[in-house]
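Just so you know, all these numbers are worked out from the coordinates, no wet-lab data involved. These numbers were taken from a predicted model, which means no experiment stands behind them. For neighbour counting, all protein chains shown are included, and Cβ atoms are generated from backbone atoms with ideal geometry for every residue, glycine included.
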Amino acid sequence: MILGVSIYELLTVSTLIFFIGVYGFVTRKNLIAMLMSVELILNSAALNFVVINKYLFPGHLEGGLFSLFIIAIAAAETALALAIIINLYRLVMSLNTDKLETMKN
């Protein structure tokens, strides 16, 4: 347990981070900003695992292990997405999703 901080406050912060990430993913046109929004979503999920594990099952480590797994997947996703974004930038010379519509032809 974290002294002075309730589970509701931490889950509220996690929910806010999640919805900030969803809002950023839906509204942004830049691929880098969309990638950062996906990272916010994954970080909020990892925070949920740690908070629920800490408050409901304090003696177990499953929440921390799931969080490490999420962080590893987020790192791999970021590396792959950055490689794709760099190749798209070399092809189109823009990171806006509006310009990427030309690839359909």
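Taking every C-alpha pair closer than 8 Å and separated by at least 6 residues, the mean separation divided by the residue count of the stretch 21-105 gives a relative contact order of 29 percent. Classify the stretch 7-100 as rounded, prolate or oblate from the Cα gyration tensor: take a ≥ b ≥ c as the square roots of its eigenvalues, call it rounded if a/c is under 1.5, otherwise prolate when a/b beats b/c and oblate if not. Oblate, because a/c is 1.5 or more while a/b does not exceed b/c.
Rounded to whole Å, give me the distance from the Cα center of the stretch 78-95 to that of the stretch 1-56. When both Cα centres are located, 26 Å separates them.
Once R0 is set to 25 Å, what does the formula 1/(1 + (r/R0)^6) return for the Cβ-Cβ distance between Ala33 and Ala75, expressed as a FRET efficiency to the nearest 0.05? FRET efficiency, Ala33 to Ala75: 0.85. Dividing the summed helix terms, -39500 (n - 2.57) for each DSSP H run of n ≥ 4, by the number of residues in the chain produces a 222 nm estimate of -26500 deg cm²/dmol to the nearest 500. When the Cα positions of Ile17, Leu61, Thr78 are compared along the charge dipole of the chain, Thr78 comes out farthest toward the positive end, with charges on each C-beta of Lys, Arg, Asp and Glu. For the chain, the longest principal axis of the Cα atoms and the long axis of helix 62-92 meet at an angle of about 10 degrees.
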